[in-house]
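Worksheet: one structure, shown below.
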Amino acid sequence: MIKVLVAGKRKPGISRHAMQHHALAVHADLVKTSPGFWQHCHRYVQNHIVGGFEMVDGRLVTTENTDFDVVAEFWFDDTQDAVKAWTSDDYVNILRPDELQIADVEAPYLMLVTTEHVIGGSNPAMRGGFC
C-alpha cells in the first residue's frame, strides 16, 4: 500500500475557511462522482490545517500562518494505480479544473509515501502506550 499526500494552499484572496469548505463540500463530492479516478483508490482523507507550530527557544508556539491549508491522503495498492487515477479522464476533465478554482497552482506539494506504524495501529508493542 502506498499513499499520495497532496498539500494544498489556497489561492491569494481566498480565506482558509472558504478553501477548506470547497475542498470538503464541493471537491470531495466531485471525487465521489468520478469513478475513473476513485476506482483505483482505497481511501481518500482530507486533513484541514487549523494552525501550526514554530520552535522558539525549545518551546512550541502556535501560529495561524502556515504554508498549506489542506493535506489530502489518497491510498493505493501501488504506484501504477496512482498513475492511473491521476491520468484518468475524470481527473483531467473534472477534478483538476475544480482544483484550479481554489488552489494556488504554484504551491502544491505531492509526496509518495509508505506508512510504518510506530505508535498504535498494527504494532502490538505500542498499544496502550503514549498516544
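The values are calculated or read from the model by the stated rules, or taken from the named source; none is laboratory data. Quantities reported herein were computed from a predicted structural model and do not represent experimental measurements. For neighbour counting, all protein chains shown are included, and Cβ atoms are generated from backbone atoms with ideal geometry for every residue, glycine included. Surface areas here come from the heavy atoms of the whole protein model, side chains and all, with no ligands, DNA or RNA. Shrake-Rupley method; radii C 1.70, N 1.55, O 1.52, S 1.80 Å.
Taking only pairs six or more apart or across chains, which ones have beta-carbon atoms under 9 Å, a first residue in the range 108-120 that is under 8 Å from A7 (Cα atoms), and a second residue that is open to solvent by 70 Å² or more (accessible area, probe 1.4 Å)?
Y109/D67
Among the listed residues L30, L24, which satisfies the condition of being among the hydrophobic types (A, V, I, L, M, F, W, C), within 14 Å of the chain's Cα centre (by Cα), within 19 Å of E73 (Cβ to Cβ) and at pLDDT 95 or above?
Numbers: L30 fails: within 14 Å of the chain's Cα centre (by Cα).
So the residue among L30, L24 that is among the hydrophobic types (A, V, I, L, M, F, W, C), within 14 Å of the chain's Cα centre (by Cα), within 19 Å of E73 (Cβ to Cβ) and at pLDDT 95 or above is L24.
Out of the residues in the range 82-113 meeting the condition of being in contact with a helix residue (DSSP H, G or I) (Cβ under 7 Å, 6 or more places away or on another chain) and open to solvent by 60 Å² or more (accessible area, probe 1.4 Å), tell me which one is nearest to Y44 (Cα to Cα).
L112
Inspect the range 56-67 for any residue being of a type outside the set (S, T, Y), under 18 Å from V6 (Cβ atoms) and exposed (fewer than 11 other Cβ atoms within 10 Å of the Cβ) and give the result as yes or no.
Within the range 56-67, the subset of a type outside the set (S, T, Y) is 56-61, 64-65, 67.
Imposing the further condition that a residue be under 18 Å from V6 (Cβ atoms) reduces the set to 67.
Pick out the ones that are also exposed (fewer than 11 other Cβ atoms within 10 Å of the Cβ) and you get 67.
Yes.
For residues that are closer than 24 Å to K11 by Cα and assigned to a loop (DSSP other than H, G, I, E, B), scanning just the range 88-123, find the one that is modelled with the highest pLDDT.
Among residues in the range 88-123 that are closer than 24 Å to K11 by Cα and assigned to a loop (DSSP other than H, G, I, E, B), the one modelled with the highest pLDDT is D104.
Any residue at all in the range 22-38 that is open to solvent by less than 40 Å² (accessible area, probe 1.4 Å) and over 20 Å from T87 (Cα atoms)? Walk me through how you get there before you give the answer.
Step one: filter the range 22-38 for residues open to solvent by less than 40 Å² (accessible area, probe 1.4 Å), giving 22-23, 27-28, 31, 34, 36-37.
Those still in the list that are over 20 Å from T87 (Cα atoms) too: 22-23.
Within the range 22-38, one or more residues are open to solvent by less than 40 Å² (accessible area, probe 1.4 Å) and over 20 Å from T87 (Cα atoms).
So which residues in the range 68-81 are under 25 Å from G13 (Cα atoms) and open to solvent by 40 Å² or more (accessible area, probe 1.4 Å)? Even if it seems obvious, please write down each step before you answer.
Step one: of the range 68-81, the residues under 25 Å from G13 (Cα atoms) are 68-72.
Correct list: F68 only.
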